[in-house]
Amino acid sequence: MAETNPQTASVGKGHDPERHLGSLKTPIYETSTFVFESAAAGKRYFEIVYGGAEPSPGEDPGYSYSRLDAPNLRVAEERLAYWEETEDALVFNAGMAAIGTLFLTLLRPGDVVIYSSPAYGGTLTLLRGLMTEIGVIARAYGPATTGDGLADLVGDDRLSMVYVETPANPTNDIYDIEMLSALATEHGAVTVVDNTFLSPVWQKPVRHGADLIVHSATKYLGGHSDLTAGVVCGRADLIERLRHTRYELGTTAQPATAWLLTRSLETLQIRVERQTATATSVAAFLAEHPKVETVSHLSLLGADDPRHDIFKRQCTGPGAMISFIVTGGEEAVFRMLDAMRVVRLAVSLGGTESLASHPWTMSHALMPAEEKTRIGVSPGLVRLSVGVESPDDLIADLGQALDRV
Ligand SMILES: Cc1ncc(COP(=O)(O)O)c(C=O)c1O
């Protein structure tokens, strides 16, 4: 019987116990290389994988070398493609390995990529650093940029990619994927969505026109702060091109990492739903707190807010990332952060444990102060990733820490 829901697919899809000595779980294939049955089988493998020969119906070329492909990767990739409702998926050894492989595959000197800012610092650094050095033209837009503003940004240049991180790290700004993908289509460009913050539980970018979806799987997909991995899901023709760059760069995930990721996908929905419910309570508490100036969590968007319409069309839940501004700036925030006992002070997000970080001095430390201020990263801003702990314990901890402000 075929599964009809990603939660069901998460616990069985892509694994046949009969092919693994009856093992309920896919064993970890810790091997760098695979033995061919015969010279002809080796030849056939490379004809298909490197030479582009079409496999006959039902033919599986198997495996040759773990930098190219491995059994644990395939199980994870099948389940991820199912979650994101895409034709195919690839797993990488970090979110930045996925994003870097994608940029190097699809962008050429003279191409224009427009990207949302703020976004994860590593993505911004890659676009403004290496990609710009090799001749790619990277131009930023913000949450307030209108359709006309986007068209002006492109002008008569060769638009090759529209890149959007929504909701954005660390401010939770949201963007209209449908509007951006319409612009990309008009120019024959691809639309790439970083879906790390909401995960496919709450947002399926392909339904809104995305061609490729990237994740730092280090976050919700991995979910336990015990692995680094990245994912790209999307159109089969594009994924095939990325697969070849992954062969060449070796940005492939390790078998044990893919195994851990597969384990984590089984509980993705349960974790994310619980974390989101808790984050909604925590956001409501913070919004009422006298030491907190503003709170950004998608559950708090009022019906009169222009972003509310995008949220309703694009997302089925508000996620578990909160950003809030504490009154009194850096000194006050440090007092709060140092007083937390349940919430841990660390970068990263999406794990079972609640983590708080200070983007001004941590993830965005390299960015000039003027730019940080312009994109909404102020000295008083705290980014909070809500875990699976009891909401009462988290609220009590944040309350006592805010008392120190
Ligand atoms: C939204 C987003 N995209 C991409 C990345 C990069 O992922 P990784 O750290 O797994 O390389 C991060 C990391 O924090 C992120 O938050």
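Seen from residue 179, the other residues with C-beta closer than 12 Å to its C-beta sum to a net charge of -4, counting Lys and Arg as +1 and Asp and Glu as -1. Reported to the nearest whole Å, the Cα centre-to-centre distance from segment 242-286 to segment 81-154 is 20. When the charge dipole of the chain is built from unit charges on Cβ atoms (+1 for Lys and Arg, -1 for Asp and Glu) and taken about the Cα centre, the candidate among 115, 401, 100 whose Cα reaches farthest toward its positive end is 401. Restriction of the trypsin sites (Lys or Arg not before Pro) in segment 138-238 to DSSP coil positions whose beta-carbon has at most 13 other beta-carbons within 10 angstrom yields 158.
Couplings 3J(HN,Hα) for segment 225-239, derived from phi with the Karplus relation 6.51 cos²θ - 1.76 cosθ + 1.60 (θ = phi - 60°), are 6, 10, 8, 10, 7, x, 9, 10, 10, x, 4, 4, 5, 6, 4 Hz, where x marks Gly and Pro. Across segment 284-300, coupling constants 3J(HN,Hα) worked out from phi with the 6.51/-1.76/1.60 Karplus curve, θ = phi - 60°, read 5, 4, 5, 4, 8, 7, x, 8, 10, 7, 9, 10, 10, 8, 5, 5, 9 Hz, and Gly and Pro carry x. From the Kirkwood radius over Cα pairs of the chain, Stokes-Einstein at 37 °C and 0.692 mPa s returns a whole-number translational diffusion coefficient of 148 µm²/s. The charge dipole of the chain, taken about its Cα centre with unit charges on the Cβ atoms of Lys, Arg (+1), Asp and Glu (-1) only, comes to about 620 debye. Net charge of the neighbourhood of residue 324, taken over other residues with C-beta under 11 Å away and scored Lys/Arg +1, Asp/Glu -1, is +1.
The GNM of the chain, with springs linking C-alpha atoms under 10 angstrom apart, assigns the highest mean-square fluctuation among 283, 184, 303 to 303.
Couplings for segment 23-29, taken from phi via the Karplus curve 6.51 cos²θ - 1.76 cosθ + 1.60 with θ = phi - 60°, read 4, 5, 9, 5, x, 7, 8 Hz in order; Gly and Pro are left as x.
Put simply, the amide H of residue 169, placed in the peptide plane, has neighbours under 5 Å in 120, leaving out anything fewer than 5 places away on its chain.
Using the Cβ of residue 82 as centre and a radius below 15 Å, the other residues enclosed give a net charge of -3, where K and R count +1 and D and E count -1.
Largest GNM mean-square fluctuation across 148, 176, 211, computed for the chain with C-alpha springs under 10 Å, falls on 148. Of all DSSP-defined beta bridges confined to the chain, some 55% are antiparallel rather than parallel. So if I take the centroid of the Cα atoms in segment 195-220 and the same for segment 18-75, what is the distance between those two points in Å? Segment 195-220 and segment 18-75 have Cα centres separated by 28 Å.
Residues whose amide H comes within less than 5 Å of that of residue 218, counting only those at least five positions distant or on another chain, are 95, 229 (H built at 1.01 Å from N in the peptide plane). Taking trypsin sites (Lys or Arg not before Pro) across segment 318-394, the ones in a DSSP loop with at most 13 further Cβ atoms lying within 10 angstrom of their Cβ are 341. Counting only DSSP beta bridges with both residues in segment 290-405, the antiparallel share comes to about 85 percent.
Relative intensity of segment 269-402 on a log10 scale, I(q)/I(0) at q = 0.09, 0.21, 0.22 Å⁻¹, equals -0.25, -1.33, -1.41, per a Debye sum over C-alpha point scatterers of equal strength in the absence of solvent. In this Cβ point-charge picture (+1 for Lys and Arg, -1 for Asp and Glu), segment 196-275 has a dipole of about 140 debye about its Cα centre. For the chain, the tally of Lys pairs with Cα-Cα distances below 21 Å comes to 4, considering only residues 8 or more apart or on different chains.
From its DSSP helices (H runs of at least four residues, each -39,500 (n - 2.57)), the chain gives a residue-normalised ellipticity at 222 nm of -11000 deg cm²/dmol.
Coordinate-derived values only; no laboratory data. Because the structure is a prediction, the values reported are computed rather than measured. Cβ: placed from backbone, ideal geometry, glycine included. Neighbour counts: every protein chain shown.
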